[in-house]
Amino acid sequence: MPRKYDYLNKSKIQSGLQCHKKLWFEIHEPIKKKERKAAFEIGNRFGAQVIKNYSKNNKKILNLTNEFANVINRTKDAINSKDINIIFEGAFEYLNTQVRIDVLIRKKNGWELLEAKASTKIKHEHISDVSIQSFIVRTCLKELGHELIGIKLIHVNGDFILQKKDDYDGLINDENNITEEVHEEKVIKYIQELKPLSVKDSPTPNIKMGNHCNKPYSCDFQVRCSSLLPKSNVTPYTIIPYITKDENLKKYMEKEKTIDLQKVPKEYLKKKRKGYAENFPQIIQDAHKNNKNWISKDLKNIFKKFSFPYYFIDFETAMQGVPIIIGTKPYHPPLPFQWSLHKWESLNQEISTGKSFLKFNDQDIERQFVISLLDAAGKEGTIFAHSDYEISVLNQLKKKENCNDLIEDIDNLIKRIENSLTISRENFYSPLMNGSWSIKSIIKAVPECDISYEQDDGLVGGSDAGLAWLICTDPKTTKSDIEKQTKLLIDYCAKDTLALYYFIKYLMQTSRV
């Protein structure tokens, strides 16, 4: 099917407001295969609950969800028909701009527009989003002799707790009337400003990368934009954590027209931050200048307080959005569904085969998670985790009613956990890490480690793991797809714990422990 030019929709306008180049890419050079994202999966689940909620006791419904043929005319017919009171995913077009509306409800003197967001609060970008929709809908309704009389934004109730399977009464917060907050008067300006970008032969906008690349949403075209940057043998100064928040330095670098890390004056490098080595910005600059690793003299003493056997753990959790486990909330705390563990008995022994736990929708998943971890981690030895996140998850599990009898055991486990992220930030840096202490960056500096996260079909981050959980808990997912995602999850989580072993071993060897 040929690409359709010279038209906009709500999402394209939102993209254009974030960055003109993002919109241009979406129209002219879109990503061929769009990846599934956790946010989209959660949105679809919440959308399904919205339809169920507003379909209760009402048979005069038109549901156009997942339909695309003749939807504009079908929406018009429904609006003019006395047989339809609720329209899901109604379609409207004005000024070559198309929108789909989550819910339209007929009232005595007009129609009410409801926009559903799978977040727990109203955000600034939601208002501009709804403003685009309400402007188009209001105009189209007037042409049909109807009025738009109200606008609501419905979202997830973050305090909702699933008490009974499939009972979502109270999940939807629909008390947010934002009729007075929308700013429809700006929408024509948006359309006029962005429409030229949709013309078939329009040139690519010349937009530099910046903070807008991730606000309000992370742009999928960042790799493409960065590939267009001039090739240089200098390292951008922005790799130093937190330094980009220094507006004076930013102005200085712009004035000097440079991104070279070595051009950063010494006065901007005298920064301290808890959890990092003293003068860590200077350490990073020197490491790149000399192309040499930095290792703290205190590293040897640090390992003296740890005792074998060593354990390396990593957790994966899921933001449910629409909870399926009784006693849990939509987002916070997230649901722990997987752990991986590797055990290293002593310096003279090879690391053991990794152990793992992985469940999806078992109703006692949290208790199973804890009991299996306690058994795998034993009662003695140091446990390394590359953040404080694992401790926070365990502390949340202590609050669960079905884990009350495990509190003492969980506390004893927590006491044994050491944060390898803090250890690395305070004691080690390599130019190969490029300003990041994530385990995926650190292993690039570990000679013996051949672990890679860059396979085309593998998981590369926690968000991918969360998406895999959503896929595996979708009733429509096939058995073979669940088996595929299960293998990917086990492989991915095991990589993190094995990589952590290689890193700790490397630090011990380097510091001659």
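Please work out if HIS146 is closer than 22 Å to ILE51 by Cα and touching a helix residue (DSSP H, G or I) at 6+ places or on another chain (Cβ under 9 Å).
No.
Would you confirm, using the coordinates I've provided, whether ILE154 is part of a strand (DSSP E or B), closer than 25 Å to GLY43 by Cα, modelled with pLDDT of 95 or more and among the aliphatic types (A, V, I, L, M)?
Yes; evaluated as a whole, the condition is true for this residue.
Considering the range 385-395 alone, what residues qualify as being in a helix (DSSP H, G or I) and in contact with a Phe, Trp or Tyr (Cβ under 9 Å, 6 or more places away or on another chain)?
TYR389, GLU390, VAL393, LEU394, listed by residue number.
State whether the residues of the range 29-45 include one that is outside the structural domain of GLY462 (by TED's automatic domain parsing), in contact (Cβ under 8 Å) with a residue 12 or more places away in the chain and touching a Phe, Trp or Tyr at 6+ places or on another chain (Cβ under 7 Å).
No, because not a single residue in the range 29-45 is outside the structural domain of GLY462 (by TED's automatic domain parsing), in contact (Cβ under 8 Å) with a residue 12 or more places away in the chain and touching a Phe, Trp or Tyr at 6+ places or on another chain (Cβ under 7 Å).
Does any residue of the range 133-144 turn out to be closer than 24 Å to ASN214 by Cα, in contact with a Phe, Trp or Tyr (Cβ under 9 Å, 6 or more places away or on another chain), assigned by TED's automatic domain parsing to the domain that holds CYS19 and of a type outside the set (A, V, I, L, M)?
The answer is yes; a qualifying residue exists.
Would the range 497-506 turn up any residue that is buried (at least 18 other Cβ atoms within 10 Å of the Cβ) and under 22 Å from the mean Cα position of the chain (by Cα)?
Yes: the range 497-506 contains one or more residues that are buried (at least 18 other Cβ atoms within 10 Å of the Cβ) and under 22 Å from the mean Cα position of the chain (by Cα).
Please find, within the range 230-244, the residue that is surrounded by the fewest Cβ atoms within 10 Å (Cβ to Cβ) out of those that are outside any helix (DSSP H, G or I) and in contact with a strand residue (DSSP E or B) (Cβ under 9 Å, 6 or more places away or on another chain).
Checking each candidate, the answer is SER232.
Looking at the range 4-27, which of the residues that are farther than 19 Å from LYS189 by Cα and modelled with pLDDT of 85 or more is surrounded by the most Cβ atoms within 10 Å (Cβ to Cβ)?
Among them, the one singled out is ILE27.
Just one of the numbered conditions (1) among the hydrophobic types (A, V, I, L, M, F, W, C); (2) farther than 12 Å from VAL137 by Cβ; (3) buried (at least 20 other Cβ atoms within 10 Å of the Cβ) is not true of ILE122; which one?
Among (1) among the hydrophobic types (A, V, I, L, M, F, W, C); (2) farther than 12 Å from VAL137 by Cβ; (3) buried (at least 20 other Cβ atoms within 10 Å of the Cβ), ILE122 violates only (3).
Being assigned by TED's automatic domain parsing to the domain that holds LEU489, touching a helix residue (DSSP H, G or I) at 6+ places or on another chain (Cβ under 9 Å), not in a helix (DSSP H, G or I) and not basic (Lys, Arg), is that true of even one residue in the range 368-384?
Yes, the range 368-384 contains at least one residue that is assigned by TED's automatic domain parsing to the domain that holds LEU489, touching a helix residue (DSSP H, G or I) at 6+ places or on another chain (Cβ under 9 Å), not in a helix (DSSP H, G or I) and not basic (Lys, Arg).
Please return the ranges of helices (runs of 4 or more DSSP H) entirely within the range 424-513 where 2 or more residues are more than 23 Å from GLN282 (Cα to Cα) and out of contact with any His (no Cβ under 9 Å at 6 or more places or on another chain).
462-472, 479-510
Which condition number does PRO30 fail, the rest of (1) in contact with a Lys or Arg (Cβ under 9 Å, 6 or more places away or on another chain); (2) more than 20 Å from ARG138 (Cα to Cα); (3) crowded, with 18+ Cβ neighbours inside 10 Å being met?
With respect to (1) in contact with a Lys or Arg (Cβ under 9 Å, 6 or more places away or on another chain); (2) more than 20 Å from ARG138 (Cα to Cα); (3) crowded, with 18+ Cβ neighbours inside 10 Å, PRO30 is out only on (3).
Can you tell me which of (1) surrounded by 19 or more Cβ atoms within 10 Å (Cβ to Cβ); (2) touching a Leu at 6+ places or on another chain (Cβ under 7 Å); (3) under 27 Å from LEU507 (Cα atoms) is the one ALA465 doesn't meet?
ALA465 satisfies all of (1) surrounded by 19 or more Cβ atoms within 10 Å (Cβ to Cβ); (2) touching a Leu at 6+ places or on another chain (Cβ under 7 Å); (3) under 27 Å from LEU507 (Cα atoms) except (3).
Filtering the range 189-226 down to residues that are surrounded by 13 or more Cβ atoms within 10 Å (Cβ to Cβ) and small (Gly, Ala, Ser), which residue is nearest to PRO30 (Cα to Cα)?
SER198
Quick check on this structure: which one of GLU247, GLU278 is under 18 Å from TRP437 (Cα atoms), surrounded by fewer than 18 Cβ atoms within 10 Å (Cβ to Cβ) and out of contact with any helix residue (DSSP H, G or I) (no Cβ under 7 Å at 6 or more places or on another chain)?
Checking each option against the conditions leaves just GLU278.
Got a number for residues in the range 172-205 being without any contact (Cβ under 8 Å) to a residue 40 or more places away in the chain, closer than 15 Å to LYS21 by Cα and either in contact with a helix residue (DSSP H, G or I) (Cβ under 7 Å, 6 or more places away or on another chain) or part of a loop (DSSP other than H, G, I, E, B) (or both)?
Summing the residues that are without any contact (Cβ under 8 Å) to a residue 40 or more places away in the chain, closer than 15 Å to LYS21 by Cα and either in contact with a helix residue (DSSP H, G or I) (Cβ under 7 Å, 6 or more places away or on another chain) or part of a loop (DSSP other than H, G, I, E, B) (or both) in the range 172-205 gives 2.
For the range 379-393, name all the residues that are among the aromatic types (Phe, Trp, Tyr) and surrounded by fewer than 21 Cβ atoms within 10 Å (Cβ to Cβ).
TYR389
Out of all the residues in the range 346-354, is one or more crowded, with 16+ Cβ neighbours inside 10 Å and either within 29 Å of the chain's Cα centre (by Cα) or within 22 Å of ARG416 (Cβ to Cβ) (or both)?
Looking through the range 346-354, at least one residue is crowded, with 16+ Cβ neighbours inside 10 Å and either within 29 Å of the chain's Cα centre (by Cα) or within 22 Å of ARG416 (Cβ to Cβ) (or both).
The values are calculated or read from the model by the stated rules, or taken from the named source; none is laboratory data. Bear in mind that the values here come from a model prediction, so they are computed numbers and not experimental data. Cβ: placed from backbone, ideal geometry, glycine included. Neighbour counts: every protein chain shown.
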